[in-house]
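First the structure, in the form of structure tokens, and then the observations on it.
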Amino acid sequence: MFSKRTLLVELAALASLALAPSTALAQPRPTSSTARSAEDLARARVLDQQGAKAYADGRYNDAIRYFEESYRLGGPPFELWNIAKCHVRLDQPEQATEMLERYLATPTLPAEERDEATQQLEALRRRPSTVTIASSPSGAAVSIDGRPAEGSKTPTSFNVQPGTHTITLTAPKHAVYTQTFEAKYGRAIILDVPLANEGRPAPAENPYGNEEVKRVALRGDLGVMLPRYGSVSGSPHPTLIASGAYRVADVGATTFAVGGMLLLTGDSWDNRVGAPDVAAPCGALKNPRSATALSMFATGSAGWEIVPRVRAHALAGVGVAAYFGGDLGGDVFVPACGASPGPKPAFMAGAQFDYALTPLVRLSALPLVLQLQPSFDGTRSTPVDASGVWMRATIAIGAGVDL
């Protein structure tokens, strides 16, 4: 089972040097390295013997440790083959292959041992694999590499040779299913296939499950914003939202991200107080009851997977809000021309849901984004009060990508 060239060969070689007759010239005494080598080989021999005993007793993991230590102390390359044989017994063909390749890389192997080790290596590489296939519904016809498989209806099992193979499953009123796999080292291959109804693609795996982590999320949303200017109610207005986030950490089932959000809307309001549409020094005001609102936030978020394909995120951010309007008046501002007040600090909080269409593309929904800020300069406080805290509530839907 083990090497025909035992460690006794090495010990005998050292002994012959020590016992050689002296000549007229003085011979050097054995160096400390020579003495140490003799000690190591003696220890390696004992370890080799213990490895052989452990192998015979079926204690293959112990045998591996003995042979590895024997090899480290200067045992012959054959210890690598001994280790490989232990891995074979433990059904570890990958490790056995590695050891045999190291053994065969030794340049001074006897031809007989090299041939035998090469044959064992090839036998490991040629081990057939057993493929077991089930489907839902069962009874699907199975072909392998374009030919009907043994026991050609699911569920079924059959052997394949090492290499890359393609299976095809067909069933009445269901879409054809095709999958490629690699058979290696005789490892079992188990496939459980959900067949899709005809005309529909096979159910995709959850794009959020077992995925390569995608760090960057980009979203664009279109929604409706309902403002309140202090105590003055506003009318709903369309809002454009653009956001980006970078996933910085995962803690358990929770993901954390940082990023930014931009909200753009066109505001308009009434003139129920009958404010004059004139102001000094410009005179008559042009469009005094409309302006463009722009808000920008640095955001942080926490996300959770609710069900496969769906994630929920809690959002919060701080930033600035600005107003762009040439002439202002009506219920919200004291009549003025060329105002464009701002910027003001602002706070944002909200929720977002993402639905994964593909591993890349997401649908997004913002059921609520709430923005709070101080009133802009120039707002009126009488006869209605628009000088309190301004609030904007937004709902939106959109799409984006995860990269």
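Nothing in this text is a laboratory measurement; each read-out follows from the coordinates by a stated rule. All of these numbers come straight from a predicted model, not from anything done at the bench. Here Cβ is always computed from backbone atoms with ideal geometry, including for glycine, and neighbour counts include all displayed protein chains.
A few remarks follow.
- With at most 16 other Cβ atoms within 10 Å, longest stretch of the chain clear of loop GluC sites (Glu not before Pro) (DSSP): 1-197
- For the chain, modelled as a GNM whose springs connect Cα atoms under 10 angstrom apart, the maximal fluctuation among Ser37, Ser375, Ser143 occurs at Ser37.
- Each label point was placed 7 Å from the Cα along the Cα-to-Cβ direction; for Lys153 and Ala188 their separation is 2.4 nm.
- Label-to-label distance for Arg89 and Asp40 is 2.7 nm, based on points extended 7 Å past Cα in the beta-carbon direction.
- Solitary cysteines of the chain, where the nearest other Cys Cβ is not under 4.7 Å: Cys86
- Cα-Cα P(r), the range 129-194, percent of pairs per 5 Å interval: 4, 19, 33, 26, 12, 4, 1, 0
- Residue separation of Ile306 and Leu363 scaled by 0.36 nm, minus their Cα-Cα distance, works out to 19.0 nm of gained length.
- Of the residues Ile144, Ile190, the one with the fewest other Cβ atoms within 10 Å heads the list, and the complete ranking is Ile190, Ile144.
- Given charges at beta-carbon only (K, R positive; D, E negative), |dipole| of the chain in Debye: 100
- Summarising the strand pairing of the range 129-194, around 75 percent of its internal DSSP beta bridges are antiparallel.
- Ranked list, fewest to most other Cβ atoms within 10 Å of each Cβ, for Cys86, Cys282, Cys337: Cys282, Cys337, Cys86
- In terms of surrounding Cβ atoms within a 10 Å radius of their Cβ, Tyr103, Tyr355, Tyr60 rank from fewest to most as Tyr355, Tyr60, Tyr103.
- Estimated [θ] at 222 nm from DSSP helical runs (n ≥ 4, -39500 (n - 2.57)) normalised by residues in the chain, nearest 500: -7000 deg cm²/dmol
- Distance between modelled label sites at Glu98 and Val258, nm, 7 Å Cα→Cβ extension: 4.0
- Residue-span extension gain [Val389 to Asn271] - 0.36 nm each, minus C-alpha spacing: 40.5 nm
- Distances between every pair of Cα atoms in the chain, grouped in 10 Å steps from 0 to the bin holding the largest one, split as 4, 15, 13, 12, 12, 11, 10, 9, 7, 5, 2, 1, 0, 0 percent.
- Zone of Thr118's modelled label, taken as backbone nitrogen in the range 72-103 under 18 Å from a point 7 Å along Cα→Cβ: 78, 81, 97-103
- Candidate aspartates and glutamates for bridging to Lys53, where Cα separation is under 17 Å - those fewer than 8 sequence places away on the same chain excluded: Asp62, Glu68, Glu69, Glu79
- Fraction in percent of alpha-carbon pairs per bin - 5 Å, the range 66-188: 2, 10, 17, 16, 11, 9, 9, 8, 7, 6, 4, 2, 0, 0
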